[in-house]
Amino acid sequence: MRELVIDLGAIVHNYQSMKSRFGTKVLAVVKADAYGHGMVEVARALEAAGADALATADVQEALLLRTAGIKTDILAWLHDPQDDFVEAVARDVSLGIANLEQLGRAQRAAEISGQTAKLHLKIDTGLGRNGSTAAEWSHLLDAAALAEATGAVKVVGIFSHLSGTSEAEDLKQIERFDGAISQAVAAGIRAELIHLTASDGSLAYPQAHYNMVRVGIALYGLDPFSAHRASEYGLTPAMTAKAQVSQVKRVPAGQGVSYGYLHTTDAETTLALVPVGYAEGLPRNATGKASVTINGKNYKILSRVAMDQFVLDVGNDDVKVGDEVLLFGDPAAGAPSVDDLADACDTINYEIVTRMGGRFKRVYLGAGE
Ligand SMILES: *Cc1c(COP(=O)(O)O)cnc(C)c1O
């Protein structure tokens with residue numbers, strides 16, 4: 001038994017608590033299978049709770065949500081040349097637009113589908129990633145205004161994304177974003193939704209909430225990569241990863257354990273086998289650093305994490321086959337935090353949760369429970 005227990009109630013609670021804290025519209029980011037929590041299930045729970053809007057990276061992900069019956073507004077912003085804008089427009093998926101080429105495709109898609117394409121124009125205010133350059137921005141605005149005049153498209157939003165490099169850099173981006181919005185107004189674009197901040201910026205810069213924020217990691221109850229702690233904001237981690245001990249055995253001193261014998265027993269001891277490996281998303285470099293919890297006690301993973309399993313040296317503790325092994329979960333409920341695991345593996349919580357999968361079975365706790 002390997003389970004990822006996903007608390008949809010926690011996700012809805014996190015959504016609602018941010019909504020009331022920020023006092024803006026809140027766009028719930030459900031890309032990458034809702035950061036490993038299950039995109040369709042999370043979207044259904046948020047829709048039932050009346051979420052303002054959802055966001056995915058790809059059009060493909062957005063269309064999957066439509067096919068699953070999700071009716072809430074969806075924005076998709078990361079496109080490749082094969083993405084089906086016609087299908088997106090026909091199924092009312094809003095498109096993030098970073099350049100003239102994408103605008104042209106959206107306009108053609110609107111003409112083919114006979115429906116107005118809803119667009120969010122994206123300006124790169126300094127992250128150096130997706131979005132229009134400052135130099136192209138005025139051309140993009142003029143072209144969008146022309147396209148609006150034909151009725152093919154409607155610019156419903158303007159957005160950008162912070163780098164989180166430092167407060168000084170973020171403040172520069174906020175200033176550039178304000179400039180980009182003024183330019184849009186001057187070009188005759190009346191976008192209803194203005195959004196800049198993701199989880200980190202939303203917690204850090206109340207002055208930059210505009211009228212919508214985009215939250216991903218905080219929605220799942222986890223800390224963004226900054227000094228802002230989700231728990232301080234009353235957010236609850238939604239994912240618990242657990243398994244059961246599948247074998248225990250007594251071995252003598254001097255027993256090498258797992259590949260490379262990174263651990264050798266120093267006395268007679270009990271080894272407990274846990275059927276979770278890097279195929280499940282437990283990083284191989286958790287070896288020697290991360291700890292898991294059994295019966296309320298933490299055990300470091302001393303020996304090599306393999307594809308399917310790892311072994312714990314539990315000494316003379318009474319650990320039995322079937323005992324629950326907590327990899328991470330809600331620290332308030334006695335589990336190691338996902339940040340503990342991420343820190344041990346020299347990565348961030350985002351990477352841990354989005355990669356959880358393999359043979360883990362997802363089990364959902366309902367939003368109503
Ligand atoms: C992923 C993403 C988000 C969400 O970021 P979090 O840090 O998880 O809140 C918001 N905006 C953009 C453009 C993104 O790519």
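Scanning segment 297-315 for residues that are basic (Lys, Arg) and in contact with a Leu (Cβ under 9 Å, 6 or more places away or on another chain) gives LYS300, ARG304.
Checked against the criteria, ALA290 does not count as more than 30 Å from MET18 (Cβ to Cβ) and small (Gly, Ala, Ser). Counting the residues of segment 180-190 that are surrounded by 14 or more Cβ atoms within 10 Å (Cβ to Cβ), away from the ligand (no atom under 16 Å from the Cβ) and either small (Gly, Ala, Ser) or not in a loop (DSSP other than H, G, I, E, B) (or both) gives 5.
Any chance you could count how many residues in segment 337-368 are more than 13 Å from the chain's Cα centre (by Cα) and outside any loop (DSSP other than H, G, I, E, B)?
Filtering segment 337-368 down to residues more than 13 Å from the chain's Cα centre (by Cα) leaves 337-347, 357-368.
Filter once more, keeping what is outside any loop (DSSP other than H, G, I, E, B): 338-344, 361-365.
Residues in segment 337-368 being more than 13 Å from the chain's Cα centre (by Cα) and outside any loop (DSSP other than H, G, I, E, B): 12 in total.
Among the residues of segment 191-200, those identified as within 14 Å of the ligand (Cβ to nearest atom) and not in a strand (DSSP E or B) are LEU196, THR197, ALA198, SER199, ASP200. State yes or no: is ALA184 hydrophobic (A, V, I, L, M, F, W, C), under 17 Å from TYR350 (Cα atoms) and out of contact with any Phe, Trp or Tyr (no Cβ under 8 Å at 6 or more places or on another chain)? It is false that ALA184 is hydrophobic (A, V, I, L, M, F, W, C), under 17 Å from TYR350 (Cα atoms) and out of contact with any Phe, Trp or Tyr (no Cβ under 8 Å at 6 or more places or on another chain).
Let's see how each residue does on (1) in contact with a strand residue (DSSP E or B) (Cβ under 6 Å, 6 or more places away or on another chain); (2) at pLDDT 95 or above; (3) of a type outside the set (Phe, Trp, Tyr):
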site: TYR220; (1), (2), (3): no, yes, no
site: HIS228; (1), (2), (3): no, no, yes
site: TYR233; (1), (2), (3): no, no, no
site: PRO237; (1), (2), (3): no, yes, yes
site: LEU262; (1), (2), (3): no, yes, yes
site: LEU273; (1), (2), (3): yes, yes, yes
site: ALA279; (1), (2), (3): no, yes, yes
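Restricting attention to segment 15-56, the residues being within 22 Å of GLU351 (Cβ to Cβ), in contact with a His (Cβ under 9 Å, 6 or more places away or on another chain) and more than 15 Å from the ligand (Cβ to nearest atom) number 0.
Could you tell me whether any residue of segment 138-159 is farther than 16 Å from HIS120 by Cβ and within 16 Å of the ligand (Cβ to nearest atom)? Within segment 138-159 (the criterion being farther than 16 Å from HIS120 by Cβ and within 16 Å of the ligand (Cβ to nearest atom)), the answer is no, since none of the residues qualifies. Within segment 325-356, the set of residues being touching a strand residue (DSSP E or B) at 6+ places or on another chain (Cβ under 9 Å) and surrounded by fewer than 18 Cβ atoms within 10 Å (Cβ to Cβ) comprises ALA333, GLY334. Of everything in segment 263-300, what is surrounded by fewer than 16 Cβ atoms within 10 Å (Cβ to Cβ) and in contact (Cβ under 8 Å) with a residue 60 or more places away in the chain? Give them in sequence order. Selection gives ALA279, ASN285. If you filter segment 250-262 down to residues that are within 39 Å of the chain's Cα centre (by Cα) and hydrophobic (A, V, I, L, M, F, W, C), you find that the one that is surrounded by the most Cβ atoms within 10 Å (Cβ to Cβ) is VAL257. The condition of being under 13 Å from MET18 (Cα atoms) and either modelled with pLDDT under 95 or more than 13 Å from the ligand (Cβ to nearest atom) (or both) holds for LEU203.
Residue by residue, here is whether (1) assigned to a loop (DSSP other than H, G, I, E, B); (2) on the phi > 0 side of the Ramachandran plot; (3) within 16 Å of the ligand (Cβ to nearest atom); (4) within 19 Å of the chain's Cα centre (by Cα) holds:
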position	(1), (2), (3), (4)
TYR210	yes, yes, yes, no
ARG214	no, no, yes, yes
LEU219	no, no, yes, yes
LEU222	yes, no, yes, yes
LEU235	yes, no, yes, yes
THR240	no, no, no, yes
VAL248	no, no, no, no
THR270	no, no, no, no
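Against the numbered list (1) in a strand (DSSP E or B); (2) assigned by TED's automatic domain parsing to the domain that holds PHE22; (3) more than 15 Å from the ligand (Cβ to nearest atom), GLU169 comes up short only at (1). May I ask you to verify whether THR72 is polar (S, T, N, Q), more than 14 Å from the ligand (Cβ to nearest atom) and farther than 28 Å from SER138 by Cα? Yes: the conditions hold for THR72.
The values are calculated or read from the model by the stated rules, or taken from the named source; none is laboratory data. What you are looking at is a predicted structure, and each value in this text was computed from that prediction instead of being measured. FYI the Cβ positions are ideal-geometry reconstructions off the backbone, even for glycines, and counts take in every protein chain you see.
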